[in-house]
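Structure first, commentary second.
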Amino acid sequence: MKLWNVKIPIYDKDAFFELEIENGMVVSLDRHHEKISGYHVFSFSEKLEKDGEWDAKGRIVLPGLADAHMHLDKSHSLYAVGNESGTLEEAIENYSTYSPNFTDADVKARIKKTAFAALKHGTTAIRTHIDFNTKLDRAANFRGVRMVLEAKKELSELIDIQVFPMLPYFQYGEKDRTRIEEMLALGVDGIGGAPHLSEVPHETIDEIFRYAGEYDLPIDLHTDESDDPRVDTILYVAEKTIQTNYQGRVTVDHLCSLAAMEKNKAIRVIQKMKEAELMAITLPAANMYLQGRDDEGLVRRGTTRIGEIRDYGIPLAAASDNVCDPFHPFGRADLLQIAQLTGYTGHMGGREDLPELVKMITTIPKQIMGISGKGLSIGEEATFVMFDAQTLEELFAELPQTRAVFGKGRWLSRVWQEERIAVEGEYVYGERAHPLL
Ligand SMILES: [Zn+2]
């Protein structure tokens, strides 16, 4: 298959490329400078299927997006579990009270629905955190992990899913340990948790690192998801990472309290994160919704110090977190939308910022997730998403739903909307002055 006149802004935001794929692998990638005149409207044609060539007319192609932090098990549970106060505390309380009522079929259907939505929007890899509450009866305790492992297998020809069960955040007794060990033996991809919620956060962090070491698994933690500047379990996570030689294998997510701390302390924390080679994830949708609930007047955004973390060269991805559940009632598993929200919360809308936002949903989360060999370089398994947009400015302004996703040797999803308005035989999309005109 040959795609020509594609734009690949991770390599060059202005050049046009010809991308050749054989047996699912990228075999050539040539830059060329064909002049594109006018704004072209196109659709997937029979021709593409028949002779394997397609003129993309300057459309943007990005490596498959990677969503490094989702909660597939909770997604679309809002129909059953509400959250009247809109706080993190009520979301946790309501969800854990209601969750034993879910059936296997319900949980798996919701996991798949959200995975398909992510794929449709261009996401080819997901890391999902999964509740693992040993206080529930056995069936309810294991349901999320069992269902997501089944879904992972059933969807393996479409999308790559990493499963990170969240270890409980209280002191473990005999029963808790037996269940945790049984769960870790099921073939999960890493260990999650939210130790800042524990009454004994340091002990919980110790447990997480002990199990991770024992089962040789990476760690990915909800960390300091709080508006309180005194919450700084991140320092102990960093310390523990160094002590256990776990540098490069620990990811910390949210870091909301980091934004609330006074600047000197925040910089000390960020330096410590750098020393421990931690990787980080910002989750602007959920944090904007849940945080700042006690603020009046000037309500904080809830996100972390996006600019400062990036300035220190710490890998910082942006991810979806919750989709249509008591933690976050909105969302559509669309990382482009999340990147746009990151642009709002992190003040990243300038010309130089847009390519950085792209990295935060492509190359950086792949680095965090340890994914290599899949993307748009020669010799890689071709994994990409094409958008109906010709510039990054247009991409971020319109968040076009029209996208086509390629991976695992074939087109995985093609949502190509013919929603344009026919005017005198020509298709236009409102009136626009396009830089390529
Ligand atoms: Zn989360």
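Just so it is clear, none of the values below were taken in a lab; they were calculated from the coordinates. Small disclaimer: the values here were computed from a predicted structure and weren't measured. Note that each Cβ is placed from the backbone with ideal geometry, even for glycine, and that neighbours are counted across all protein chains shown.
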Legend entry - Residues in the range 211-228 that a label on Asp294 would reach, taking backbone N under 12 Å of a point 7 Å out along Cα→Cβ: 226-228
Inset, instruction - Go through Lys13/Lys120; Lys7/Lys272; Lys2/Lys274; Lys57/Lys366 and tell me which ones have a Cα-Cα distance over 32 Å in this structure. - result: Lys7/Lys272; Lys2/Lys274
Legend entry - Amide hydrogen neighbours beyond the local backbone of Glu225, cut-off 5 Å, H modeled: Leu255, Cys256
Legend entry - Hydrodynamic radius (Kirkwood) for the chain, which is based on Cα pairs only, to one decimal in Å: 22.6
Inset, instruction - With 10 Å bins from zero, work out the P(r) of the range 92-190 over every alpha carbon pair and list the percent per bin. - result: 14, 47, 31, 8, 0
Legend entry - ³J(HN,Hα), Karplus 6.51/-1.76/1.60, whole Hz, each residue of the range 117-127, x for Gly, Pro: 4, 4, 4, 4, 8, x, 7, 10, 8, 10, 9
Inset, instruction - Return the distance in nm (one decimal) between the two label points of a simple spin-label model at Thr244 and Ser96, each offset 7 Å from Cα along Cα→Cβ. - result: 2.1
Legend entry - In nm, spacing of pseudo-spin labels at Val415 and Leu235 (7 Å Cα→C-beta vector): 4.5
Legend entry - Centroid-to-centroid separation of the range 217-250 and the range 115-179 [C-alpha atoms, Å]: 21
Legend entry - Whole-Å semi-axes of the range 249-356's equivalent ellipsoid (Cα gyration tensor): 21, 17, 14
Inset, instruction - Kindly rank 156-168, 311-323 from highest to lowest mean number of other beta carbons found within 10 Å of each residue. - result: 311-323, 156-168
Inset, instruction - Kindly express, to the nearest 10 degrees and within the range 0 to 90, the angle between helix 233-243's C-alpha long axis and the longest C-alpha principal axis of the chain. - result: 90
Inset, instruction - Determine ³J(HN,Hα), in whole Hz, for all residues of the range 58-73 in sequence, where each value follows from phi through the Karplus function 6.51 cos²θ - 1.76 cosθ + 1.60 and θ = phi - 60°; x replaces Gly and Pro. - result: x, 5, 7, 10, 10, x, x, 6, 10, 9, 7, 7, 10, 10, 4, 5
Inset, instruction - Sum -39500 (n - 2.57) across every DSSP H segment of at least 4 residues in the chain, then divide by the residue count to get the 222 nm mean residue ellipticity, nearest 500. - result: -10500 deg cm²/dmol
